[in-house]
1. Given the options Y24, Y58, Y1, name the one that is assigned to a strand (DSSP E or B) and of a type outside the set (D, E, K, R).
2. Is it fair to say I66 is open to solvent by 50 Å² or more (accessible area, probe 1.4 Å) and not in a loop (DSSP other than H, G, I, E, B)?
3. Counting only residues that are among the small types (G, A, S) and open to solvent by less than 30 Å² (accessible area, probe 1.4 Å), how many does the stretch 14-38 have?
4. Give me a count of the residues in the stretch 39-55 that are open to solvent by 80 Å² or more (accessible area, probe 1.4 Å) and either in a loop (DSSP other than H, G, I, E, B) or free of Cβ contacts under 8 Å to residues at least 12 places away in the same chain (or both).
5. If D11 satisfies every condition in (1) more than 9 Å from the chain's Cα centre (by Cα); (2) open to solvent by 30 Å² or more (accessible area, probe 1.4 Å); (3) of a type outside the set (A, V, I, L, M) but one, which is the exception?
6. Sort out which residues of the stretch 6-21 are in a loop (DSSP other than H, G, I, E, B) and within 15 Å of K62 (Cα to Cα), and write them in order of number.
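The values are calculated or read from the model by the stated rules, or taken from the named source; none is laboratory data. Only a predicted model underlies this, so the values are computations on that prediction, with no experimental measurement involved. Positions of Cβ are generated from backbone atoms using ideal geometry, with glycine treated the same way; all protein chains shown enter the neighbour counts. The accessibility values were calculated without ligands, DNA or RNA, using every heavy atom of the protein model including side chains. Shrake-Rupley method; radii C 1.70, N 1.55, O 1.52, S 1.80 Å.
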Amino acid sequence: YGFWPADVWQDIERHEVRKGMNEYQAAFAIGMGIPAPGGGSRKTVRYPNGGNPLVITYQSGKVVDIRPAS
């Protein structure tokens with residue numbers, strides 16, 4: 001994973017996800033998530049995130065939306 005840019009590693013160290021990250025990078029930052037049923041190029045994943053749950057939407061493998069889980 002040495003090919004990931006320094007700013008991605010900084011986000012991972014801060015346990016933060018940002019738009020444009022891929023699913024592996026998000027998992028490194030906040031842990032594993034639970035994908036919603038379905039398929040295609042759009043994917044929604046729920047992350048427990050240490051008690052601060054998030055719902056992240058991926059489009060073509062990249063984060064396009066991050067919001068608190070309700």
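1. After ruling out the rest, the residue left standing is Y58.
2. yes
3. Residues that pass the stated criteria total 5.
4. The total comes to 1.
5. That leaves (2) as the condition not met.
6. Residues satisfying the conditions are E16, V17, R18, K19, G20, M21.
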